[in-house]
Amino acid sequence: MGKKLAVELQSQGVEIVVIDQDSDAINEASQAGLGWVSGDAREEETLSEVGVSNVSTLVSTFPNDVEFVFITLAARDLNKKIRIIARVELESTEKNCCKPRLIRLSCRPSSVHDRGSV
């Protein structure tokens, strides 16, 4: 999901930086002409390195809701106005994160909900 999304956004002129610890994913990003950082997206240090404090949008395609929550909290700590687009598995994760407005748009494999701007 992440690779397809990154390529699609890049084709529309959106500047993309891929954060991954997997060397194969980094190689694919590099070959596709995407910016990349080898690191753990759950860590504020890595998010700071890519400049999350200055970006408008962060996309998280982690297949694990716990990972998504860590990334969301770290990103929100660095940038209160960031728009977060995320893939979540469980409806309960979506509801719990949307209540305090941690995310603005979420995607579960079976549905897409646009929460609009905060």
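Return the residues of segment 1-53 that are among the β-branched types (Val, Ile, Thr) and part of a loop (DSSP other than H, G, I, E, B); say none if nothing qualifies. Val14, Ile16, Val50 - these are the residues of segment 1-53 that are among the β-branched types (Val, Ile, Thr) and part of a loop (DSSP other than H, G, I, E, B). Identify, please: which residue in segment 41-73 is free of Cβ contacts under 8 Å to residues at least 24 places away in the same chain and of a type in the set (Asp, Glu) and is, among those, surrounded by the most Cβ atoms within 10 Å (Cβ to Cβ)? Taking the candidates together, the pick is Glu49. Residues that are farther than 21 Å from Glu49 by Cα, surrounded by fewer than 11 Cβ atoms within 10 Å (Cβ to Cβ) and not charged (D, E, K, R) within segment 1-30 comprise Ser11, Gln12, Gly13, listed in sequence order. The residues of segment 31-40 that are at pLDDT below 90 and surrounded by fewer than 18 Cβ atoms within 10 Å (Cβ to Cβ), listed by number, are Ala32, Gly33, Gly35. Exactly one residue out of Arg76, Arg83 is basic (Lys, Arg), surrounded by 11 or more Cβ atoms within 10 Å (Cβ to Cβ), more than 22 Å from Gln21 (Cβ to Cβ) and at pLDDT 65 or above: that is Arg83.
The values are calculated or read from the model by the stated rules, or taken from the named source; none is laboratory data. Note that the structure is a prediction, hence the values are computed from the model and not measured. FYI the Cβ positions are ideal-geometry reconstructions off the backbone, even for glycines, and counts take in every protein chain you see.
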